[in-house]
Amino acid sequence: MFDDIRPYYDSEISAAMHRIATNSSFPLLASYVFPDRPLEDVRNEVASIDNIYDFQTRIMYKGNKQIIAKSTTGFSYKGEEYVLPGKQYLYVSNHRDIMLDASLLQNILIDLNIGTTEITFGANLMRGELVIDIGKSNKMFKVERPGGSVREFYKASMHLSDYIRFTLLEKKQSVWIAQRNGRTKDGIDRTDQGIIKMFGMSRSDDMVKSIAELNILPVSVSYEWESCDILKTLELYARQQGTTYIKKPGEDLNSILTGIVQPKGRVHFEFCRPLEASELEPFAGLSSGEFHRQVAALIDKRICSAYKLTPNNYIAHDKLNGSEEYADKYTAAELEAFEQHMSLLDQYSEECDITILRRIFLGIYAGPVDSKLAFAI
(Lines give C-alpha, C1' and ligand atoms only; values in the text may rest on other atoms or scores of the structure.)
Protein backbone atom coordinates (compact mmCIF):
# COMPACT_ATOMS: atom_id res chain seq x y z
CA MET A 1 0.00 0.00 0.00
CA PHE A 2 2.91 2.35 0.71
CA ASP A 3 5.59 0.76 -1.47
CA ASP A 4 5.96 3.98 -3.46
CA ILE A 5 7.19 5.99 -0.46
CA ARG A 6 8.25 3.66 2.37
CA PRO A 7 11.82 2.98 3.58
CA TYR A 8 13.45 -0.39 2.97
CA TYR A 9 12.51 -3.44 4.98
CA ASP A 10 15.27 -5.43 6.66
CA SER A 11 14.93 -8.01 3.90
CA GLU A 12 16.03 -5.39 1.35
CA ILE A 13 19.07 -4.13 3.24
CA SER A 14 21.64 -6.72 2.17
CA ALA A 15 21.17 -5.97 -1.53
CA ALA A 16 21.25 -2.22 -0.84
CA MET A 17 24.52 -2.57 1.12
CA HIS A 18 26.17 -4.40 -1.75
CA ARG A 19 25.11 -1.64 -4.16
CA ILE A 20 26.46 1.01 -1.79
CA ALA A 21 29.76 -0.84 -1.27
CA THR A 22 30.36 -1.14 -5.01
CA ASN A 23 29.28 2.38 -5.94
CA SER A 24 31.99 4.54 -7.51
CA SER A 25 31.52 7.18 -4.80
CA PHE A 26 32.01 4.70 -1.98
CA PRO A 27 35.76 5.36 -1.47
CA LEU A 28 35.04 9.06 -0.83
CA LEU A 29 32.27 8.28 1.65
CA ALA A 30 34.37 5.64 3.41
CA SER A 31 37.32 8.02 3.79
CA TYR A 32 35.06 10.55 5.54
CA VAL A 33 33.23 8.18 7.88
CA PHE A 34 36.21 5.91 8.64
CA PRO A 35 39.32 8.00 7.88
CA ASP A 36 41.66 5.65 9.74
CA ARG A 37 40.51 2.35 8.25
CA PRO A 38 41.55 0.63 4.99
CA LEU A 39 39.00 1.01 2.21
CA GLU A 40 38.49 -2.71 1.67
CA ASP A 41 37.94 -3.25 5.37
CA VAL A 42 35.14 -0.68 5.35
CA ARG A 43 33.73 -2.05 2.10
CA ASN A 44 33.55 -5.54 3.58
CA GLU A 45 31.86 -4.30 6.74
CA VAL A 46 29.17 -2.41 4.80
CA ALA A 47 28.58 -5.36 2.50
CA SER A 48 28.10 -7.64 5.53
CA ILE A 49 25.23 -5.58 7.00
CA ASP A 50 21.77 -7.10 6.59
CA ASN A 51 19.46 -4.99 8.77
CA ILE A 52 18.51 -1.35 9.35
CA TYR A 53 19.64 -1.26 12.98
CA ASP A 54 23.19 -2.29 12.13
CA PHE A 55 23.38 0.18 9.25
CA GLN A 56 22.25 3.03 11.48
CA THR A 57 24.43 2.16 14.49
CA ARG A 58 27.55 0.97 12.67
CA ILE A 59 27.62 3.35 9.71
CA MET A 60 25.28 6.35 9.99
CA TYR A 61 25.99 6.89 13.69
CA LYS A 62 29.72 6.99 13.05
CA GLY A 63 29.25 9.27 10.04
CA ASN A 64 27.33 11.70 12.21
CA LYS A 65 30.05 11.49 14.84
CA GLN A 66 32.56 12.60 12.20
CA ILE A 67 30.35 15.54 11.24
CA ILE A 68 30.11 16.56 14.89
CA ALA A 69 33.87 16.20 15.43
CA LYS A 70 34.92 17.99 12.26
CA SER A 71 32.40 20.81 11.98
CA THR A 72 31.11 21.68 15.48
CA THR A 73 32.69 23.11 18.61
CA GLY A 74 30.00 21.69 20.85
CA PHE A 75 27.04 19.33 20.56
CA SER A 76 24.40 19.21 23.27
CA TYR A 77 20.82 18.22 23.91
CA LYS A 78 18.19 18.74 26.59
CA GLY A 79 14.65 17.65 27.43
CA GLU A 80 15.24 13.90 27.18
CA GLU A 81 12.84 13.43 30.10
CA TYR A 82 10.00 14.03 27.63
CA VAL A 83 11.06 11.09 25.43
CA LEU A 84 9.79 7.92 27.03
CA PRO A 85 11.15 4.51 25.96
CA GLY A 86 8.59 2.34 24.21
CA LYS A 87 6.47 5.31 23.15
CA GLN A 88 6.13 6.60 19.60
CA TYR A 89 6.31 10.31 18.79
CA LEU A 90 5.75 12.52 15.80
CA TYR A 91 8.81 14.73 16.18
CA VAL A 92 7.99 18.09 14.58
CA SER A 93 11.19 20.10 14.22
CA ASN A 94 12.26 23.48 12.99
CA HIS A 95 14.23 22.98 9.80
CA ARG A 96 17.59 24.68 9.28
CA ASP A 97 19.66 22.06 7.43
CA ILE A 98 18.46 19.72 4.68
CA MET A 99 20.00 16.60 6.18
CA LEU A 100 21.46 17.27 9.60
CA ASP A 101 18.36 18.31 11.56
CA ALA A 102 17.01 14.78 11.31
CA SER A 103 20.29 12.91 10.97
CA LEU A 104 21.96 14.26 14.11
CA LEU A 105 18.75 13.69 16.06
CA GLN A 106 19.10 9.97 15.38
CA ASN A 107 22.46 9.92 17.17
CA ILE A 108 20.87 11.44 20.24
CA LEU A 109 18.11 8.83 20.22
CA ILE A 110 20.68 6.04 19.87
CA ASP A 111 22.70 7.48 22.78
CA LEU A 112 19.50 7.55 24.85
CA ASN A 113 18.82 3.92 23.88
CA ILE A 114 15.54 5.00 22.29
CA GLY A 115 14.36 3.84 18.88
CA THR A 116 15.32 5.96 15.89
CA THR A 117 12.66 7.59 13.76
CA GLU A 118 11.48 7.23 10.24
CA ILE A 119 12.37 10.45 8.40
CA THR A 120 10.52 12.46 5.78
CA PHE A 121 12.68 13.16 2.73
CA GLY A 122 11.67 15.26 -0.26
CA ALA A 123 11.23 13.41 -3.54
CA ASN A 124 13.37 16.10 -5.17
CA LEU A 125 16.30 14.89 -3.07
CA MET A 126 15.60 11.16 -3.34
CA ARG A 127 17.39 10.76 -6.66
CA GLY A 128 20.22 8.56 -7.84
CA GLU A 129 20.84 4.97 -6.76
CA LEU A 130 23.35 5.82 -4.01
CA VAL A 131 21.20 8.50 -2.36
CA ILE A 132 18.11 6.30 -2.57
CA ASP A 133 19.90 3.29 -1.06
CA ILE A 134 21.44 5.29 1.80
CA GLY A 135 18.20 7.17 2.46
CA LYS A 136 15.81 4.23 2.42
CA SER A 137 18.25 2.12 4.48
CA ASN A 138 18.27 4.98 7.00
CA LYS A 139 14.47 4.83 7.45
CA MET A 140 13.76 7.76 5.17
CA PHE A 141 10.46 7.85 3.31
CA LYS A 142 9.64 9.91 0.28
CA VAL A 143 7.46 13.01 0.38
CA GLU A 144 5.98 13.90 -2.99
CA ARG A 145 5.34 17.58 -3.70
CA PRO A 146 3.24 17.53 -6.86
CA GLY A 147 3.10 20.78 -8.75
CA GLY A 148 0.07 19.85 -10.80
CA SER A 149 -3.63 19.97 -10.02
CA VAL A 150 -5.33 20.47 -6.66
CA ARG A 151 -6.53 16.89 -6.94
CA GLU A 152 -2.97 15.58 -7.25
CA PHE A 153 -1.84 17.64 -4.27
CA TYR A 154 -4.75 16.38 -2.16
CA LYS A 155 -4.05 12.79 -3.13
CA ALA A 156 -0.35 13.07 -2.22
CA SER A 157 -1.18 14.78 1.10
CA MET A 158 -3.71 12.10 2.03
CA HIS A 159 -1.24 9.35 1.16
CA LEU A 160 1.44 10.95 3.34
CA SER A 161 -1.01 11.48 6.21
CA ASP A 162 -2.13 7.84 6.02
CA TYR A 163 1.47 6.64 6.05
CA ILE A 164 2.49 8.78 9.04
CA ARG A 165 -0.49 7.55 11.08
CA PHE A 166 0.12 3.96 9.98
CA THR A 167 3.80 4.20 10.95
CA LEU A 168 3.06 5.63 14.40
CA LEU A 169 0.05 3.52 15.35
CA GLU A 170 0.57 0.25 13.46
CA LYS A 171 4.29 -0.07 12.84
CA LYS A 172 5.01 1.48 16.25
CA GLN A 173 7.77 3.64 14.80
CA SER A 174 8.37 7.29 15.58
CA VAL A 175 8.49 9.80 12.71
CA TRP A 176 10.49 13.00 12.15
CA ILE A 177 9.05 15.78 10.01
CA ALA A 178 9.95 19.43 9.49
CA GLN A 179 7.49 22.07 10.65
CA ARG A 180 7.25 23.43 7.11
CA ASN A 181 7.88 22.51 3.50
CA GLY A 182 11.54 23.39 2.99
CA ARG A 183 14.11 24.90 5.30
CA THR A 184 13.66 28.07 7.32
CA LYS A 185 15.71 30.55 5.32
CA ASP A 186 14.80 33.84 7.01
CA GLY A 187 15.51 32.81 10.60
CA ILE A 188 11.81 32.76 11.54
CA ASP A 189 10.71 29.29 12.65
CA ARG A 190 6.98 28.93 12.12
CA THR A 191 4.87 25.83 11.59
CA ASP A 192 2.95 25.68 8.32
CA GLN A 193 -0.75 25.27 9.13
CA GLY A 194 -0.96 23.05 6.04
CA ILE A 195 1.27 20.53 7.82
CA ILE A 196 -1.23 20.31 10.69
CA LYS A 197 -4.07 19.96 8.19
CA MET A 198 -2.19 17.12 6.49
CA PHE A 199 -1.69 15.32 9.82
CA GLY A 200 -5.45 15.25 10.37
CA MET A 201 -6.48 14.13 6.89
CA SER A 202 -6.09 10.46 7.80
CA ARG A 203 -8.69 10.78 10.55
CA SER A 204 -11.43 13.33 9.91
CA ASP A 205 -14.06 12.26 12.47
CA ASP A 206 -12.58 14.16 15.44
CA MET A 207 -10.00 16.94 15.04
CA VAL A 208 -8.77 16.78 18.63
CA LYS A 209 -8.35 13.00 18.75
CA SER A 210 -6.84 13.01 15.27
CA ILE A 211 -3.97 15.21 16.41
CA ALA A 212 -3.71 13.98 20.00
CA GLU A 213 -3.14 10.34 19.06
CA LEU A 214 -0.13 11.29 16.92
CA ASN A 215 1.70 12.33 20.10
CA ILE A 216 3.42 15.38 18.62
CA LEU A 217 6.72 16.25 20.29
CA PRO A 218 8.26 19.54 19.07
CA VAL A 219 12.05 19.62 18.67
CA SER A 220 14.08 22.82 18.59
CA VAL A 221 17.46 22.69 16.83
CA SER A 222 19.90 25.60 17.04
CA TYR A 223 23.10 26.20 15.08
CA GLU A 224 25.59 28.84 16.19
CA TRP A 225 26.56 29.35 12.54
CA GLU A 226 23.49 29.01 10.37
CA SER A 227 23.65 26.22 7.81
CA CYS A 228 24.22 27.56 4.26
CA ASP A 229 23.73 31.15 5.48
CA ILE A 230 25.35 32.73 2.41
CA LEU A 231 23.34 30.56 0.01
CA LYS A 232 20.12 31.35 1.88
CA THR A 233 20.91 35.08 1.77
CA LEU A 234 21.37 35.00 -2.01
CA GLU A 235 18.12 33.08 -2.49
CA LEU A 236 16.15 35.50 -0.32
CA TYR A 237 17.74 38.45 -2.12
CA ALA A 238 16.60 37.15 -5.51
CA ARG A 239 13.07 36.74 -4.22
CA GLN A 240 12.99 40.19 -2.65
CA GLN A 241 14.07 41.69 -5.95
CA GLY A 242 11.10 40.09 -7.64
CA THR A 243 13.26 37.61 -9.49
CA THR A 244 11.95 34.07 -9.80
CA TYR A 245 14.51 31.98 -7.99
CA ILE A 246 15.38 28.93 -10.07
CA LYS A 247 17.57 26.33 -8.44
CA LYS A 248 20.68 25.49 -10.40
CA PRO A 249 21.37 21.86 -11.33
CA GLY A 250 22.87 20.13 -8.32
CA GLU A 251 22.00 23.00 -5.95
CA ASP A 252 20.20 20.76 -3.45
CA LEU A 253 23.19 18.42 -3.34
CA ASN A 254 25.48 21.42 -2.91
CA SER A 255 23.37 22.58 0.04
CA ILE A 256 23.56 19.11 1.59
CA LEU A 257 27.34 18.98 1.26
CA THR A 258 27.77 22.59 2.41
CA GLY A 259 25.65 21.89 5.48
CA ILE A 260 27.78 18.85 6.33
CA VAL A 261 31.23 20.45 6.03
CA GLN A 262 30.49 24.09 6.95
CA PRO A 263 31.65 25.05 10.46
CA LYS A 264 28.57 25.09 12.68
CA GLY A 265 29.99 26.14 16.02
CA ARG A 266 27.77 24.99 18.86
CA VAL A 267 24.77 22.81 17.93
CA HIS A 268 21.94 22.21 20.36
CA PHE A 269 18.83 20.02 20.23
CA GLU A 270 16.00 20.42 22.70
CA PHE A 271 13.07 18.04 23.11
CA CYS A 272 9.98 19.97 24.12
CA ARG A 273 6.98 18.81 26.10
CA PRO A 274 4.63 16.81 23.83
CA LEU A 275 1.26 18.29 22.91
CA GLU A 276 -1.44 16.93 25.20
CA ALA A 277 -5.11 16.31 24.53
CA SER A 278 -6.03 18.72 27.33
CA GLU A 279 -4.31 21.53 25.41
CA LEU A 280 -6.18 20.67 22.23
CA GLU A 281 -9.66 20.21 23.68
CA PRO A 282 -10.37 23.97 24.03
CA PHE A 283 -9.98 24.19 20.22
CA ALA A 284 -12.65 21.55 19.52
CA GLY A 285 -15.37 24.03 18.55
CA LEU A 286 -13.22 26.06 16.19
CA SER A 287 -13.35 25.98 12.41
CA SER A 288 -10.84 23.58 10.89
CA GLY A 289 -8.65 26.46 9.69
CA GLU A 290 -8.55 28.11 13.11
CA PHE A 291 -7.95 24.75 14.78
CA HIS A 292 -4.91 24.17 12.59
CA ARG A 293 -3.65 27.68 13.34
CA GLN A 294 -3.93 27.17 17.09
CA VAL A 295 -2.14 23.79 17.00
CA ALA A 296 0.65 25.32 14.91
CA ALA A 297 0.95 28.14 17.45
CA LEU A 298 1.37 25.61 20.29
CA ILE A 299 4.23 23.98 18.41
CA ASP A 300 5.81 27.35 17.56
CA LYS A 301 5.74 28.50 21.17
CA ARG A 302 7.62 25.41 22.28
CA ILE A 303 10.20 25.47 19.46
CA CYS A 304 10.93 29.20 19.63
CA SER A 305 11.07 29.27 23.43
CA ALA A 306 13.56 26.37 23.45
CA TYR A 307 15.83 27.82 20.75
CA LYS A 308 19.32 28.25 22.21
CA LEU A 309 20.50 31.76 21.38
CA THR A 310 24.23 32.38 20.85
CA PRO A 311 26.32 35.58 20.62
CA ASN A 312 25.77 35.56 16.85
CA ASN A 313 22.02 35.99 17.30
CA TYR A 314 22.47 38.93 19.66
CA ILE A 315 25.15 40.55 17.48
CA ALA A 316 22.92 40.35 14.42
CA HIS A 317 19.95 41.76 16.31
CA ASP A 318 21.98 44.74 17.53
CA LYS A 319 23.52 45.41 14.11
CA LEU A 320 20.18 45.09 12.35
CA ASN A 321 18.56 47.56 14.72
CA GLY A 322 21.53 49.89 15.14
CA SER A 323 21.58 49.37 18.88
CA GLU A 324 23.68 47.93 21.68
CA GLU A 325 20.76 46.39 23.53
CA TYR A 326 22.46 43.03 23.84
CA ALA A 327 26.09 44.20 23.99
CA ASP A 328 26.54 42.30 27.26
CA LYS A 329 25.79 39.04 25.44
CA TYR A 330 28.93 39.00 23.27
CA THR A 331 32.59 39.96 23.29
CA ALA A 332 34.62 42.14 20.95
CA ALA A 333 36.26 38.99 19.56
CA GLU A 334 32.87 37.40 18.84
CA LEU A 335 31.70 40.58 17.14
CA GLU A 336 34.82 40.61 14.98
CA ALA A 337 34.36 36.95 14.01
CA PHE A 338 30.75 37.58 13.01
CA GLU A 339 31.64 40.63 10.93
CA GLN A 340 34.46 38.74 9.24
CA HIS A 341 32.06 35.95 8.30
CA MET A 342 29.50 38.44 7.02
CA SER A 343 32.19 39.97 4.80
CA LEU A 344 31.92 36.85 2.62
CA LEU A 345 28.94 38.66 1.07
CA ASP A 346 31.26 41.34 -0.34
CA GLN A 347 32.15 39.11 -3.27
CA TYR A 348 28.61 39.63 -4.57
CA SER A 349 28.67 43.43 -4.30
CA GLU A 350 28.92 44.00 -8.07
CA GLU A 351 25.77 42.02 -8.85
CA CYS A 352 23.74 42.70 -5.70
CA ASP A 353 22.97 45.64 -3.43
CA ILE A 354 25.34 44.85 -0.57
CA THR A 355 23.25 46.83 1.95
CA ILE A 356 20.21 44.67 1.22
CA LEU A 357 22.30 41.51 1.29
CA ARG A 358 23.66 42.35 4.72
CA ARG A 359 20.21 43.18 6.05
CA ILE A 360 18.91 39.81 4.89
CA PHE A 361 21.93 38.03 6.37
CA LEU A 362 21.48 39.79 9.71
CA GLY A 363 17.79 38.91 9.68
CA ILE A 364 18.60 35.21 9.43
CA TYR A 365 20.53 35.39 12.70
CA ALA A 366 18.35 37.99 14.44
CA GLY A 367 15.07 36.16 13.79
CA PRO A 368 15.35 33.71 16.69
CA VAL A 369 15.79 36.58 19.16
CA ASP A 370 12.52 38.17 18.06
CA SER A 371 10.77 34.79 18.00
CA LYS A 372 11.86 33.99 21.53
CA LEU A 373 10.60 37.38 22.68
CA ALA A 374 7.30 36.94 20.83
CA PHE A 375 6.52 33.69 22.66
CA ALA A 376 7.86 34.74 26.04
CA ILE A 377 4.49 36.18 27.06
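Structure summary
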| item | result |
| --- | --- |
| Residue match in region 154-161 (condition: within 20 Å of residue 91 (Cβ to Cβ) and either without any contact (Cβ under 8 Å) to a residue 24 or more places away in the chain or aliphatic (A, V, I, L, M) (or both)) | yes |
| Segments classed as helices (runs of 4 or more DSSP H), wholly inside region 302-377, with at least 2 members that are surrounded by fewer than 16 Cβ atoms within 10 Å (Cβ to Cβ) | 332-342, 354-374 |
| Extreme residue, nearest to residue 257 (Cα to Cα), among residues of region 32-55 that are open to solvent by less than 70 Å² (accessible area, probe 1.4 Å) and within 25 Å of the chain's Cα centre (by Cα) | 32 |
| Cβ pairs under 6 Å, 6+ apart, first in region 210-237 and without any contact (Cβ under 8 Å) to a residue 24 or more places away in the chain, second assigned to a loop (DSSP other than H, G, I, E, B) and surrounded by fewer than 20 Cβ atoms within 10 Å (Cβ to Cβ) | 210/203 |
| Per-region count, region 66-94, residues free of Cβ contacts under 8 Å to residues at least 40 places away in the same chain and either touching a Lys or Arg at 6+ places or on another chain (Cβ under 7 Å) or in a loop (DSSP other than H, G, I, E, B) (or both) | 3 |
| Unmet criterion (only one of (1) touching a helix residue (DSSP H, G or I) at 6+ places or on another chain (Cβ under 8 Å); (2) open to solvent by less than 20 Å² (accessible area, probe 1.4 Å)) for residue 202 | (2) |
| Breaking point among (1) at pLDDT 95 or above; (2) open to solvent by less than 30 Å² (accessible area, probe 1.4 Å), for residue 121 | (1) |
| Residue in region 176-186 that is open to solvent by less than 20 Å² (accessible area, probe 1.4 Å), touching a residue at least 60 places away in the same chain (Cβ under 8 Å) and part of a helix (DSSP H, G or I) present | no |
| Counted residues, region 56-93 - those being surrounded by 18 or more Cβ atoms within 10 Å (Cβ to Cβ), more than 20 Å from residue 272 (Cβ to Cβ) and either touching a Gly at 6+ places or on another chain (Cβ under 8 Å) or of a type in the set (A, V, I, L, M) (or both) | 4 |
| Pairs with Cβ under 8 Å, 6+ apart, first in region 12-35 and of a type outside the set (Gly, Ala, Ser), second outside any helix (DSSP H, G or I) | 13/49; 13/50; 13/51; 17/49; 17/50 |
| Region 129-161: number of residues that are under 16 Å from residue 178 (Cα atoms) and either of a type in the set (Lys, Arg) or out of contact with any Phe, Trp or Tyr (no Cβ under 8 Å at 6 or more places or on another chain) (or both) | 6 |
| Residues within region 124-145 that are open to solvent by less than 40 Å² (accessible area, probe 1.4 Å) and in a loop (DSSP other than H, G, I, E, B), tallied | 4 |
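The values are calculated or read from the model by the stated rules, or taken from the named source; none is laboratory data. Worth saying up front: this structure is predicted, and the values here are computed from it rather than measured. Reconstructed Cβ throughout: ideal geometry from the backbone, glycine too, with neighbour counts over all protein chains shown. For the accessible areas, the whole protein counts, side chains as well, though only heavy atoms, and no ligand, DNA or RNA atoms are used. Shrake-Rupley method; radii C 1.70, N 1.55, O 1.52, S 1.80 Å.
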